[in-house]
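The values are calculated or read from the model by the stated rules, or taken from the named source; none is laboratory data. Everything numeric here is computed off the predicted structure, so don't read it as measured data. Here the Cβ is made from the backbone with ideal geometry for all residues, glycine too, and neighbour counts use every protein chain on show.
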Amino acid sequence: MRKYYRMGAMAVALWAFISLPADLAAQEGDTLHLLREIRALKEQVAELETLKRRIHELEARLSAQAAREEQPAVAEAAEAPAESDSDYLDVGGAVRFNYLYQDWNSANKERGGDFDLDTFRLNVDASYKDVLLSAEYRFYGDGAGGENYHMLHHGWFGYDFSDSVQAQLGVTQVPFGILPYASHNFFFSLPYYVGLEDDYDAGLKLVYDKAPWNVQLAFFKGSEYGATNSERYSYDVVHADYDGDGFNEYADEESNQLNVRLAYTFEHGDSGSTELGLSGQVGQLYNSISDANGSRVAGALHLRSSFQRWNLMLEALRYQYNQDNPPGLDDRFVVMGAYDFPYKVARAGNIYMIGLSYALPVNWGPISELTFYDDFSILKKDGKGYADSRQNVLGMAVSAGPLYTYIDFAMGKNHPWLGPGWTDSLAQGDPAADDEWHTRFNINFGYYF
């Protein structure tokens, strides 16, 4: 047994001896392969280290260059006086001319229309350390009496208490309805002609404007020029003590007026926004003959929405005057004045307006945009036998840098500016117009600087 064991052991030893060179050769081949991989990896690591050093070198050079560039700017900033970015002084204005053709005016039709100077105006706007100034003065062509006339459009001092709270003191815009205008055209809408669009009075106004809210509260002691002068921009109740057009010592005037306007804006992303608003106005109506105070009240709901190139305006309002006139006077109307001549206005009524516009960008020489619009408004009066007043303006506005042009096809029924009658159109109606529509083709173009 031992003999066979020894023989097996010798055979195994002999096989191991014979196989040893082959195993060593295989191991040597694996080792060389591993060495090559290690060498290749080391070379890649060396390349990475070179790249890292290069990156650090470039970053260091960039930091040094930035530091050198910042040093002069810091020095200049240290030497320059500290000024607020909000401090400014802007002086500007406009020169406007007007062409008109009236279908009810035979002399105008025979001449083929009339072309005149409309307005020359100057504007000043300034700010210094949160103190504000805004003023505008206007000069007009022939007034109702055939003479040139001029007036303050607005003028107020203000103060910015914060980015969202501002106070204005002086002749400032009355916060009521759609601001700044409830219309797209040159003629505004019917609320303007009864003193409820783009109206300006003398008093104090507080404005809170922080999205999505705009809240305005104002107190006006009186109208901007008192009650004896109709030479003004916006319509107010005025005195009329002559008999030529049926007036007989109407001596009412506005005083102690309180306004509140709330507006909330819904954003539509990049497409536009919609503003919903509520306005209220109350005040006294002092009569200098009876030495007594009547009252006046107005309220409005409005919507103004922009969506891409479209703009929509909707407004519904109610107004009412409660006079304390001397005995014998007709209480169904008040006398209002602007542009140097008064007329009658129904003492109470409802006004509804809708306006739609579309802005089309163009590239026609200096012309950059055309805006097409149609604005309709109606005044439904309370007075018995008083005919409604209507206004519709279809037109286009042309923007060309500092030049801005309105081209309007304006139609009116019982409207003092769009028909043969003046005094009675906004009260009982214009008897000369026979309750018909009348048309005025108007082109107003101006250079704004």
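Tabulated results
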{"quantity": "Residues of region 338-363 classified as closer than 23 Å to residue 385 by Cα and out of contact with any Asp or Glu (no Cβ under 7 Å at 6 or more places or on another chain), total", "calculated": "6"}
{"quantity": "Subset of region 120-142 (residues that are among the basic types (Lys, Arg) and either farther than 29 Å from residue 165 by Cβ or surrounded by 14 or more Cβ atoms within 10 Å (Cβ to Cβ) (or both))", "calculated": "121, 138"}
{"quantity": "When residues of region 262-280 are limited to those that are part of a strand (DSSP E or B) and among the hydroxyl-bearing types (Ser, Thr, Tyr), the one nearest to residue 191 (Cα to Cα)", "calculated": "279"}
{"quantity": "Test: residue in region 216-227 that is of a type in the set (D, E, K, R), in a strand (DSSP E or B), over 19 Å from the mean Cα position of the chain (by Cα) and closer than 30 Å to residue 426 by Cβ", "calculated": "yes"}
{"quantity": "Filter result (of a type in the set (Phe, Trp, Tyr) and either without any contact (Cβ under 8 Å) to a residue 60 or more places away in the chain or in a loop (DSSP other than H, G, I, E, B) (or both)) within region 152-209", "calculated": "156, 157, 159, 161, 176, 181, 186, 187, 188, 192, 200, 208"}
{"quantity": "Breaking point among (1) surrounded by fewer than 17 Cβ atoms within 10 Å (Cβ to Cβ); (2) over 30 Å from residue 335 (Cα atoms), for residue 374", "calculated": "(2)"}
{"quantity": "Of the criteria (1) at pLDDT below 95; (2) surrounded by fewer than 17 Cβ atoms within 10 Å (Cβ to Cβ); (3) of a type in the set (Asp, Glu), which one residue 209 fails", "calculated": "(1)"}
{"quantity": "Selection count where residues are assigned to a loop (DSSP other than H, G, I, E, B) and of a type in the set (Phe, Trp, Tyr), scope region 394-445", "calculated": "3"}
{"quantity": "Any hit, region 119-142, residues being among the hydrophobic types (A, V, I, L, M, F, W, C), assigned by TED's automatic domain parsing to the domain that holds residue 406, touching a Gly at 6+ places or on another chain (Cβ under 8 Å) and at pLDDT below 95", "calculated": "no"}
{"quantity": "Residues satisfying the stated conditions in region 281-292, i.e. loosely packed, with under 15 Cβ neighbours inside 10 Å and part of a strand (DSSP E or B)", "calculated": "282, 292"}
{"quantity": "Of all residues making up region 294-348, the number that are over 16 Å from residue 194 (Cβ atoms), of a type in the set (A, V, I, L, M, F, W, C) and surrounded by fewer than 23 Cβ atoms within 10 Å (Cβ to Cβ)", "calculated": "7"}
{"quantity": "Failed criterion for residue 248 (all others in (1) at pLDDT below 90; (2) crowded, with 22+ Cβ neighbours inside 10 Å hold)", "calculated": "(2)"}
{"quantity": "Strands (runs of 3 or more DSSP E) wholly inside region 309-386 containing at least 1 residues that are at pLDDT below 95", "calculated": "333-338, 341-346"}
